[in-house]
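Reading through the structure tokens given below for one structure.
The values are calculated or read from the model by the stated rules, or taken from the named source; none is laboratory data. The structure presented is a predicted model; accordingly, all values stated were derived computationally and were not measured. No Cβ is skipped: glycine too gets one built from the backbone with ideal geometry, and neighbour counts run over all protein chains shown.
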DNA sequence: TTGAAAGCGCTAACAT
DNA sequence: ATGTTAGCGCTTTCAA
């Protein structure tokens, strides 16, 4: 494997000068640089990141901690991050927890990543106080997506506003019995968005003077199957909702499926609304709250990269992205006699 | 940042012994090991992978080259890989091309990854002869998913058989005019699966003595939108197909959408069949060919890990996973008078 | 503008 | 069972 010494020998110079030339540092005559670059190219030389890192104290690697790679939201954040990293010369170390709490512990509560990466992106995980303390002592720029903690770069959406947009839309159509499908006990990793969206839904209901009936807050685990089960339970309620607001498109699609199984249709029988606006939503004509996901990944990466550039220790930039309603065919006015509709 | 010397000082031993103790190497008394582990834990010591790698010549990192992270198939392969890596103490370096040919060039045609990873997983990319040559000279165990090249570990499915299963099913239902929706000019990265599935479709048609009518081979770019456009073109054909076989569920769902827009229904008017069997397929009741994706990711990782363990240079294990038809409601017998059905 | 020399924090080979 | 001694392949002073 050709090393910097091979290149140095080739151009008959010291490794120090070769290193300088290759990295574009000042103090190298243009012609020398050209000769070095040419030789390096010819020999197929690539610097060992290990050796370079050991000597310079950097890794040129960004760590990304993600609860699941297979979910739409997370994969698009990663996509956005990599869009920015590509070209900046940073590699991406993917720490995929796969929903595993032990893996979370290893990544967030130890110094495992400290010597591996120059900065850290943490997706949709609000650190516990201990984790927060640990992250702080890592001494790296850290970016949080879908969380908001002082002393870290943060990017998120206003989850309370998301629910307000959803409920306002439904109320505007004439709905009064609006149920919510959100997270559940199983999602041990990301609790913030589900909680805030539930809270926002309750707040909006109250603002409109509407009651939250018993059983109207259901767990959907952020999966299609979970949404389907949740809707099935909602349909069995004595006072059936006229609209179901699900905290993700996946769950909303599950809800639609449950309706169909029950021989019901959206929006004639029940209106359904989701969150995310992924491609599938347009396919099933699902009214949803759009959030810019890829952009959030790009933004957090930019922040962290900037911190790396300026050498500023722990920057504290917070940015909340706007969301908006995308009206489609799954929501409409409640069935006229819905209040007295037989089950 | 605490280093191995801090630990050594703490237990009053040499760094060599501490290193041995920490890595579980033989030649350390049990009580010494315990003392060392305790001290390391107490000090929050984590070995620098850079220094360790530089000294040992390994990186404990596996590189994964993926065309897109946001697509269902790729994210599940990555998930499968990480399932196996977790616990084995390997990190995962994600090289996401994002569909970018320049990024492919940098990852596949240079030595960029040579000093960064111990092994490489390449997803759904058949290397060009030059790339193949380059990969070989990297001297790493290399695993290919969705490709088949001598001298590399390979995992795939039989794409010809996939199409045969699809066509056989449709012919069994009585269809004779079966169109295909596959890749397109745009998918510069992964050409193999689209090509083989197209080939398999033609072969199966021929085997059944059926003609491939003009315009029956459409490009769908492996996206929902592409599938929708392809189906729209197929519906405008003078001799409309009675069945559409799409090479992915995403495209098949796009096809269903086009049907709906045209006021048609599956399977009464036209049967639709996909490939993958992702969660969404069951939701839209799409008949499809199931392939085990996560398992392919696990398998290729196992192979490469085994090569790493045994130190065998370039192993050559090939494994083809079985696929099977999952019949659902999107396929059925052709409309009785379909042959003479007006457009 | 260039070179010499001293590490970076570990592991590995060889002693003891 | 433990310690000593060289590096691994770069970058970074400090000199020239």
Worksheet entry | Single match in A:93, A:120 (criterion: surrounded by fewer than 23 Cβ atoms within 10 Å (Cβ to Cβ) and at pLDDT 95 or above) | A:93
Fill in: Test: residue in the stretch B:321-342 that is surrounded by 24 or more Cβ atoms within 10 Å (Cβ to Cβ), within 18 Å of the chain's Cα centre (by Cα) and not assigned by TED's automatic domain parsing to the domain that holds residue B:178
no
Discussion item. Whether any residue in the stretch A:36-45 is within 12 Å of DNA strand C (Cβ to nearest atom), buried (at least 21 other Cβ atoms within 10 Å of the Cβ) and either at positive phi or not assigned by TED's automatic domain parsing to the domain that holds residue A:92 (or both) is what I want to check.
Written reply: yes
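With respect to residue A:36, is the statement that it is within 13 Å of DNA strand D (Cβ to nearest atom) and assigned to a helix (DSSP H, G or I) true? Walk me through how you get there before you give the answer.
Details: within 13 Å of DNA strand D (Cβ to nearest atom): yes; assigned to a helix (DSSP H, G or I): yes.
Yes; evaluated as a whole, the condition is true for this residue.
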Worksheet item: Of the residues A:53, A:80, which single one is within 11 Å of DNA strand C (Cβ to nearest atom), modelled with pLDDT of 95 or more and buried (at least 20 other Cβ atoms within 10 Å of the Cβ)?
Response: A:53
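Could you say which residue among B:255, B:167 is in contact with a strand residue (DSSP E or B) (Cβ under 7 Å, 6 or more places away or on another chain), in contact (Cβ under 8 Å) with a residue 60 or more places away in the chain and within 14 Å of chain A (Cβ to nearest Cβ)? Give the steps one after another, and end with the answer.
On the way: B:167 fails: within 14 Å of chain A (Cβ to nearest Cβ).
Residue meeting the stated conditions: B:255.
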Worksheet item: Can you tell me how many residues in the stretch A:306-323 are touching a helix residue (DSSP H, G or I) at 6+ places or on another chain (Cβ under 7 Å) and either at pLDDT 95 or above or assigned to a helix (DSSP H, G or I) (or both)?
Response: 3
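Scan the helices (runs of 4 or more DSSP H) fully inside the stretch A:55-147 and keep the ones with 3 or more residues being at the interface with another protein chain (Cβ under 8 Å from one of its Cβ atoms) and in contact (Cβ under 8 Å) with a residue 60 or more places away in the chain.
Where helices (runs of 4 or more DSSP H) fall fully within the stretch A:55-147 and carry at least 3 residues being at the interface with another protein chain (Cβ under 8 Å from one of its Cβ atoms) and in contact (Cβ under 8 Å) with a residue 60 or more places away in the chain, they are A:72-85.
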Discussion item. Out of the residues in the stretch A:17-31 meeting the condition of being modelled with pLDDT under 95 and within 7 Å of DNA strand C (Cβ to nearest atom), tell me which one is nearest to the other protein chains (Cβ to nearest Cβ).
Written reply: A:28
Discussion item. Conditions first: (1) surrounded by fewer than 20 Cβ atoms within 10 Å (Cβ to Cβ); (2) in the same structural domain as residue B:80 (by TED's automatic domain parsing). Residue B:203 passes all but one, so which condition is the exception?
Written reply: (2)
Worksheet item: Looking at the stretch B:297-306, which of its residues are more than 14 Å from chain A (Cβ to nearest Cβ) and either out of contact with any strand residue (DSSP E or B) (no Cβ under 7 Å at 6 or more places or on another chain) or under 21 Å from residue B:165 (Cα atoms) (or both)?
Response: B:302, B:305, B:306
Worksheet, complete the sentence: Of the residues in the stretch B:26-35 that are free of Cβ contacts under 8 Å to residues at least 12 places away in the same chain and surrounded by 12 or more Cβ atoms within 10 Å (Cβ to Cβ), the one that is farthest from residue A:108 (Cα to Cα) is B:28
Worksheet, complete the sentence: How many residues of the stretch B:133-188 are surrounded by fewer than 17 Cβ atoms within 10 Å (Cβ to Cβ), within 30 Å of residue B:106 (Cα to Cα) and either modelled with pLDDT of 95 or more or outside the structural domain of residue B:229 (by TED's automatic domain parsing) (or both)? The answer is 8
Discussion item. Please pick out the residue among A:274, A:226 that is assigned to a helix (DSSP H, G or I) and surrounded by 24 or more Cβ atoms within 10 Å (Cβ to Cβ).
Written reply: A:226
Fill in: Hits in the stretch A:258-288 - residues which are touching a strand residue (DSSP E or B) at 6+ places or on another chain (Cβ under 9 Å) and in contact (Cβ under 8 Å) with a residue 60 or more places away in the chain
A:266, A:267, A:271, A:273, A:275, A:276, A:278, A:287
Worksheet item: So which residues in the stretch B:7-16 are buried (at least 17 other Cβ atoms within 10 Å of the Cβ), outside any loop (DSSP other than H, G, I, E, B) and within 12 Å of DNA strand C (Cβ to nearest atom)?
Response: B:7, B:8
Response to the item:
Counting only residues in the stretch A:34-48 that are within 9 Å of another protein chain (Cβ to nearest Cβ) and in contact with a helix residue (DSSP H, G or I) (Cβ under 8 Å, 6 or more places away or on another chain), the one farthest from residue A:300 (Cα to Cα) is identified as A:45
